[in-house]
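First comes the structure, then the notes that go with it.
The values are calculated or read from the model by the stated rules, or taken from the named source; none is laboratory data. All values reported here derive from a predicted model rather than from experimental measurement. As a convention, Cβ positions derive from the backbone with ideal geometry for all residues, glycine included, and neighbour counts pool all protein chains shown. Keep in mind that these areas ignore ligands, DNA and RNA; they rest on the heavy atoms of the full protein, side chains included. Shrake-Rupley method; radii C 1.70, N 1.55, O 1.52, S 1.80 Å.
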Amino acid sequence: MFIGEHTFKVDGKGRVSIPADFRRELEEGDPQAAETGRPRMVIVYGHDAQKQLQVYTYNDYRALAAEIASLPRGSDKRKIMQSLILNKARPTEVDADGRLVLPQALRDKIGLEGMAYFGGMGETFEIWKPEVFEAKNASVASALIAEQGEDFDPLSLLNDA
């Protein structure tokens, strides 16, 4: 499970260290990682308005692709998922130094320069420009407090599940 938050420097070539605990999860999520030492992952960059990169373990992305393939052929849901999840994705791997090399196009898409924010989301993790994440997070928190009140307990959302 990917949990926690980390911020790391991005160098001029787009290399950024992956948090050690995230690397362990990536290793567990790739059956070839034990022999190669370079776990694979898939970065989903999604629609044009998406401001973050979502990173899946190799196995979790394959499972997601299988779920999409199980949707009825030609259905709107399948077309949307194919377009935004399968088409807008880039497979990659951890380099020998435990870093991720983010291509310029992906850095440009989310405005990433200087620093990268890594946020654990359970089965995935996200990469954001830190200032964009902070603004989005503050907006979500303000909306929840306005709707639920100052003493809002996030665990209460589980009651709706």
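What the table below lists for this structure:
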{"item": "In the stretch 136-161, the residues that are closer than 15 Å to Glu5 by Cβ and either in contact with a Phe, Trp or Tyr (Cβ under 7 Å, 6 or more places away or on another chain) or free of Cβ contacts under 8 Å to residues at least 40 places away in the same chain (or both)", "result": "Asn137, Ala138, Val140, Ala141"}
{"item": "Pairs with Cβ under 6 Å, 6+ apart, first in the stretch 17-39 and touching a residue at least 12 places away in the same chain (Cβ under 8 Å) and surrounded by 18 or more Cβ atoms within 10 Å (Cβ to Cβ), second part of a helix (DSSP H, G or I) and hydroxyl-bearing (Ser, Thr, Tyr)", "result": "Gly29/Tyr58; Asp30/Tyr58"}
{"item": "Failed criterion for Asp48 (all others in (1) open to solvent by 80 Å² or more (accessible area, probe 1.4 Å); (2) at pLDDT 95 or above; (3) among the charged types (D, E, K, R) hold)", "result": "(2)"}
